[in-house]
1. Name the pairs whose Cβ atoms lie under 8 Å apart, with the first residue in the stretch A:412-432 and farther than 21 Å from A:G395 by Cα, the second more than 10 Å from ligand 2 (Cβ to nearest atom) and among the small types (G, A, S), and 6 or more positions between them or separate chains?
2. A:S390: over 21 Å from the mean Cα position of the chain (by Cα), more than 26 Å from A:D14 (Cα to Cα) and within 10 Å of ligand 2 (Cβ to nearest atom), yes or no?
3. Report, by residue number, each residue of the stretch A:139-173 that is among the acidic types (D, E) and either away from every other protein chain (no Cβ under 14 Å) or under 27 Å from A:S123 (Cα atoms) (or both).
4. Limited to the stretch B:213-243, what total is found for residues that are outside any helix (DSSP H, G or I) and over 18 Å from B:C285 (Cβ atoms)?
5. Can you find even one residue in the stretch A:360-368 that is facing chain B (nearest Cβ under 7 Å), at pLDDT 90 or above, within 16 Å of ligand 1 (Cβ to nearest atom) and open to solvent by 50 Å² or more (accessible area, probe 1.4 Å)?
6. Looking at the stretch B:1-44 only, could you name the residues that are of a type in the set (S, T, N, Q) and surrounded by fewer than 24 Cβ atoms within 10 Å (Cβ to Cβ)?
7. Can you confirm whether the stretch A:381-395 contains a residue that is crowded, with 19+ Cβ neighbours inside 10 Å and touching a His at 6+ places or on another chain (Cβ under 7 Å)?
8. Is it the case that some residue within the stretch A:329-351 is at pLDDT 90 or above, surrounded by fewer than 18 Cβ atoms within 10 Å (Cβ to Cβ) and more than 10 Å from chain B (Cβ to nearest Cβ)?
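The values are calculated or read from the model by the stated rules, or taken from the named source; none is laboratory data. Note that the structure is predicted; figures quoted are calculated from it, not measured. Methodologically, a virtual Cβ is constructed for each residue, glycine included, from the backbone with ideal geometry; neighbour enumeration extends over all protein chains shown. Note: accessible area is taken over every heavy atom of the protein model, side chains too, but ligands, DNA and RNA are not part of it. Shrake-Rupley method; radii C 1.70, N 1.55, O 1.52, S 1.80 Å.
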Amino acid sequence: MSNKTFHIGGIHPDKHKITTNKPIEDAGLPEIAYIPVKQHIGSPAKILVSKGDKVKVGTLLADADGIVSADVHSSVSGEVLKVEEIEGEFGYLEQMITVKVEGDEWEESIDRSPDIIKEITLSPEEIIAKIREAGIVGMGGAGYPTPIKTTIPEGKKVEYLIINGIECEPYLTADDRLMVEKAEQIIVGAKILNKVLGIQNAIIAVDENKPNAIEVLRKITRSYVGVNVQVMQTKYPQGAEKQLIEAVTGREVPSGKLPVDVGCIVQNVGTVNAIYEAVQKNKPLFERVVTVSGDAAENPSNFMVRVGTPASYLINKVHGNPAEIGKIIFGGPMMGTSAVNINAPITKLSSGILLFKDDHSFKPEETACIRCGKCVDACPVGLRPFAIASQVRDGDYHEMKQLHVLDCIECGSCAYICPARIPLLDYCKLGKYELKKSK
Amino acid sequence: MLKISTAPHMNSPQDTRSIMRDVVIALMPALVAAVLIFGLNALTVVLTAVAACVAFEYLTCRYLLKSTPTTGNLSAVVTGLLLAYNLPSNMPIWMILIGSFVAIVIGKMAFGGIGKNVFNPALVGRVFLFISFPVQMTSWPKPDFLNFLNTDVETGATTLGILKHIDAESSATKLVGGLENLPDYGQMFLGYTGGCLGEVSALALLIGFAYLLWRRVIGWHIPFYYISTVFLITGIMWLNGGNIQVEPITQILSGGLLLGAIFMATDYATTPMSRKGQIVFAIGCGILTVIIRRWSVYPEGVSFAILIMNAFVPLIDYFTIPRVFGTGRK
Ligand code: SF4
Ligand code: SF4
């Protein structure tokens, strides 16, 4: 029998997972770190430091402003140079704390020993407090503050905890390597979440194109009760929350509802690893694994990178020749954003930096829809992207509601597959935007 | 200079041009078969139709619509091939030119070009010729294997033509002969029989089908449901006795069914978008094909069946909208 997968739509783009077997290297320290105070969904954190302050690795730089927000810690030690608005990856000005790096001095409270601490002594409330103090957010890309996701609303019951180890974006291998190298930490992290959510069993979902991760996880989970590995068929976008839930449990999150409404919680493996480190090691979230790859990277690699490290520093590390680079993508090629600024910093959400050569950097020319239906077949939500595009062109926003454009998960499958090269995802995003505005 | 663009930053290797190129490649075995069976005349017909279709599309874009010609996407080549495949190999050149004009200018460009046409352009061209020049459109050169310079004017009947006359018990039966004149399965499978130049060889068309499936240009659904429907209905009629003259295998191998089911009922623009809709469309084509073959004055019904179903596509699309994730699951 073949492995499980989601049932509506999906595509099989070329994998390009060239860094699968490259161990995570320490990227080292940049000269200057640019640490944004908003690396999550919600309000920016309130800045606690000012120019001239000395900070250590793990020092709290900015405090969560309300529930939907997250703490930001320093990823380096040194002196705060300035606190001001700097151009971020999207070219917008963002509030950043600039730290001149001096040495590598960590806060004493952080346990830096490599031993795995298996015993979970804290109570669920204490665990959630730890997660909050560590500034943990969904590291799969959503950036939703994790404490909210682990606090179950009154009257709801969680039956499934799914640890997302799918990483379905081409090129990216950050989660893959993390599972191979930090499997036990992730497993203990899953047990911590079991305790918080009051459930017995966590499922680590990994897709079949990661045999190394599967082998290591399977071996270690044997000595843990309550954490299991589920191997999934490879298909994009299986890592999308609702698609993964359907694939694993057969339950569909109703349109406009949350996973918890069908008794499910999904956490990315990176997030779970961060939870382990926060709860067992007192370590805030200030570094992450980043895949640096793409056809303009001479030596594509996986790095452990401090948040705030400029992309240019990593580009140097993989011997990317800046003259050859046509495009820099933060994230994966399907959903990632192309950066305007080569010095834009790595954040808690940066799973990859992709360098594309000039001739791969242009969007192909849009031609006429040939009604092939491939976008309809590809859409994992069961939408009709060609129809959305034509309604957006006509400016008929009433009709668009009928087309369920708000359910679009922006996975880009439709635009990827379209032989006429119609930028269907752009039309969907525009449609969503206009529809929300018109309400 | 850094480029910026919106996601996704990757595209499937398949684009409109590569799809059309694949269809052209898939049609090549049938062209080889046509030349082997009907001689170089077949090649002349094909080249004329292709050249004319491309030229008409280019000229329409250039001088009528004043837009960048779309001929680069090769869809006009496909239309030309399909039109030619639906003609007898002794079709006069000037008639082919008229057919090509109707196919491209009226059947395709008048609707707004690729993707916007309601009816399959090649079939529009074919039916126009059929109505305008019924004599030339139904005189079938006899197959003459490897006689490339087949300039013989000797013509024979198609399998379905023979059956029609028997069914009708018309006086023409004497002319074409009875059931004993039908080709055997082997002849039909290889294409050693009278008919339109591209439709006769089942083998060549099936090779093309396999190629299209392999290249993921089309799914198997439409050809499968179309052909199965014809097989089932004619099978039931045959078992009931007397209602139809030949068993279903001959029904499938004769006429333009394979060419139509594989290459024309799968035309993107003129068929439904969703899997479900495509199946409804294919079954409809199958039913109409049998009805026309059995009860109309025409021996063959594939072209008309597909054209009629083309007109129902918006309706089928409307009733087969896919279910949206997270809504109304039972
Ligand atoms: S981007 Fe939206 S419309 Fe396109 S395939 Fe993904 S969910 Fe469907
Ligand atoms: S994939 Fe592109 S060409 Fe095909 S139906 Fe969708 S929008 Fe049209």
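1. Listed by first residue and then by second, the contacts come to A:G412/B:A7; A:S413/A:G9; A:S413/A:G10; A:P419/B:S18.
2. Here the answer is yes, as A:S390 does meet what is asked.
3. Looking only at the stretch A:139-173, we keep the residues that are among the acidic types (D, E), and these are A:154, A:159, A:167, A:169.
Residues satisfying the conditions are A:E154, A:E159, A:E167.
4. Within the stretch B:213-243, the subset outside any helix (DSSP H, G or I) is B:215-220, B:240-243.
Restricting the remaining residues to those that are over 18 Å from B:C285 (Cβ atoms) gives B:215-217, B:240-243.
The number of residues fulfilling the criteria is 7.
5. no
6. Answer for the stretch B:1-44, where residues must be of a type in the set (S, T, N, Q) and surrounded by fewer than 24 Cβ atoms within 10 Å (Cβ to Cβ): B:S5, B:T6, B:N11, B:S12, B:Q14, B:S18, B:N41, B:T44.
7. Scanning the stretch A:381-395 turns up at least one residue that is crowded, with 19+ Cβ neighbours inside 10 Å and touching a His at 6+ places or on another chain (Cβ under 7 Å).
8. No, the stretch A:329-351 contains no residue that is at pLDDT 90 or above, surrounded by fewer than 18 Cβ atoms within 10 Å (Cβ to Cβ) and more than 10 Å from chain B (Cβ to nearest Cβ).
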